[in-house]
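Peer 1: Quick one: the structure is below, questions incoming.
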Amino acid sequence: MEFLINGARQFDEPGVFLSFEESIDDLTANFASLGLDPRPLSARKKLSLDYVRVEPNEIQETGGYDLDGLFIRLEHAINSIRAKRVVLDTIETLFSGLTDTHVLRAELRRLFNWLRTKGVTAIVTGERGESGMTRHGLEEYITDCVILLDHRVVDQNATRRLRVVKYRGSTHGANESPFFIDESGLSVLPIASLGLQHRVSPARLSTGVPDLDEMLGSKGYFRGSSILVSGSAGTGKTSLAGYFTEAACRRRESALYFAFEESAAQIVRNLRSIGLDLEPLLRKGLLQVHAARPTTSGLEGHLNAMHRLIEEKKPRVVVVDPISNLISVGTSIEVKAMLARLIDFMKVKETTALFTSLTMDDGHPEGSDLGISSFMDTWLVLRNIEMNGERTRTLDVVKSRGMPHSNQVREFVLTREGLKLLEVMRHEGRVLIGSQRAAHASDGPVAPRRSRKRAPPR
């Protein structure tokens, strides 16, 4: 139905929908719930709906049969609106109760050839067979294009998938692609990335933390880049995301925050404790928070929702916090594939995206279960260092492509006045952190070690 309705709306090509399973009233109600109401187009003679009632228990097979009656009915519908598109749904119902496979296959072939002679683009839906792609084992050979749909459940998560099995005269992707059906219709989300031909910008934008801007060549992130902030629990990932969001809104740029761990109210309350008040930004509409538990949908459902909101709201800045929670609704490979598509999508839109990720506090926070750091342009690692009976937060710029950046591991504190990065201090060859810094500071000033700039990664 989407093929017919969008054909009429966008290309002014009338279409005919011939159903063998559902009545016209049922079709209208079902498709209207997906934003595909056929009634306005039917009133304008751009769409024709017809229902052929076939009851197997009312059929008695005697002698030969053919589809001439169907051809007459279909031809009348095509001519009445000068249709360019036709849908037959579903073809197996037409032959239910018939056992002469030779005649059946001959009539199927004659039907497809007849549709070609009418000059219409036709979609014929059919059910999968027990041992092949189709019930009769013929349709996939005599059609020009075969699209295989599948609906599977893995670990209680349902996913619809689509695969182009063949397409004569055209190059096409042969991989399975997830697709999603909701109130806005059908959305296909190709596994293949959108390509690496997106434009890049030399413009820079602030991280929201002046000292962190200094660590990134004194200017902050590249516009349109992707940023990963990873670290164990309590290291300040959401705080950095909050500063980045607030800085964008101060520039009068719209921001979209996808939260998979906390509600919008909870984020606002918690960030207020470090001097960030996002409530006025929400009221003004500069910031919008979309909060949802990962388990409310499968990966494709979340990806589709993100695509739709980004298309609708057109934000300049997007935050996804945290991506590691998505592992509860998919394998690491599936999550990585989903995030690759999301990153490519936002790069095409020239949207700057910041992702947070929870890592295990195992002494190697740079190891990521999701393995997505290679997709990122800038990678910040946050750590909790335990020493002398206290925890100290540190920040390290692991990489930042295309710009010189600091090689220092900086201690930072979260206070009511905000997030503050502290200068690296040494005493007798040791780096001073936490209470050690305060103790030595009381003895007199200790010269901070100068930061060296890392060459930009290639």
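Peer 1: Of the cross-linked pairs LYS313/LYS336; LYS118/LYS166; LYS45/LYS84, which ones have a Cα-Cα span greater than 19 Å in the structure shown?
Peer 2: LYS313/LYS336; LYS118/LYS166
Peer 1: How many nm separate the modelled label positions at SER33 and ASP182, each set 7 Å beyond the Cα in the direction of the Cβ?
Peer 2: Placing both labels 7 Å along Cα→Cβ, they lie 1.7 nm apart.
Peer 1: Also: Using a Förster distance of 30 angstrom, determine the FRET efficiency expected from the C-beta separation of HIS102 and ALA43, and round it to 0.05.
Peer 2: Efficiency, from the Cβ-Cβ distance: 0.10.
Peer 1: Report, to one decimal in Å, the Kirkwood hydrodynamic radius for the range 212-371 based on all distinct Cα pairs.
Peer 2: So the Kirkwood estimate lands at 16.0 Å.
Peer 1: Still on this structure, please answer the following. Assuming 0.36 nm per residue, please report the length gained on full extension of the stretch HIS198 to ARG401 beyond their Cα-Cα distance.
Peer 2: 71.5 nm
Peer 1: Take the Cβ-Cβ distance between ARG293 and ASP26 as r, set R0 to 30 Å, and report the resulting FRET efficiency rounded to the nearest 0.05.
Peer 2: 0.35
Peer 1: Next question. Could you give each residue of the range 14-30 its phi-based ³J(HN,Hα) in whole Hz, using Karplus coefficients 6.51, -1.76, 1.60 with θ = phi - 60°, and x for Gly or Pro?
Peer 2: Computed from phi, the couplings for the range 14-30 are x, x, 10, 10, 10, 9, 10, 10, 10, 6, 5, 5, 5, 4, 4, 5, 5 Hz.
Peer 1: Quote the FRET efficiency, to the nearest 0.05, computed for ARG168 versus ARG391 with a Förster distance R0 of 60 Å and r equal to the Cβ-Cβ distance.
Peer 2: E between ARG168 and ARG391, to the nearest 0.05, is 0.40.
Peer 1: Further question: Between GLU350 and LYS284, what is the label-to-label distance in nm when each label sits 7 Å out along the Cα-to-Cβ direction?
Peer 2: Here the answer is 2.3 nm between the modelled labels.
Peer 1: Dividing the Cα convex hull volume of the range 219-289 by residue count, how many Å³ per residue is that?
Peer 2: Hull volume over Cα atoms, normalised by residue count, gives 107 Å³.
Peer 1: Most exposed first by the Cβ proxy, i.e. fewest other Cβ within 10 Å, how do TRP379, TRP114 rank?
Peer 2: Ordered from fewest to most neighbouring Cβ atoms within 10 Å, TRP379, TRP114 come out as TRP114, TRP379.
Peer 1: Long-range amide H contacts for SER232: which residues qualify at under 5 Å (H placed 1.01 Å from N, peptide plane, sequence gap of 5 or more or a different chain)?
Peer 2: THR359, ASN384
Peer 1: In whole Hz, with x marking every Gly and Pro, tabulate ³J(HN,Hα) for the range 67-79 from phi via Karplus 6.51 cos²θ - 1.76 cosθ + 1.60, θ = phi - 60°.
Peer 2: 9, 4, x, 5, 4, 5, 5, 5, 5, 4, 5, 5, 5
No value in this document is a laboratory result; all are computed from the given coordinates. This one's a predicted model, so the numbers in the text were calculated from it and none came from an experiment. Quick reminder, even Gly has a Cβ in these numbers, built from the backbone with ideal geometry, and neighbours come from all protein chains shown.
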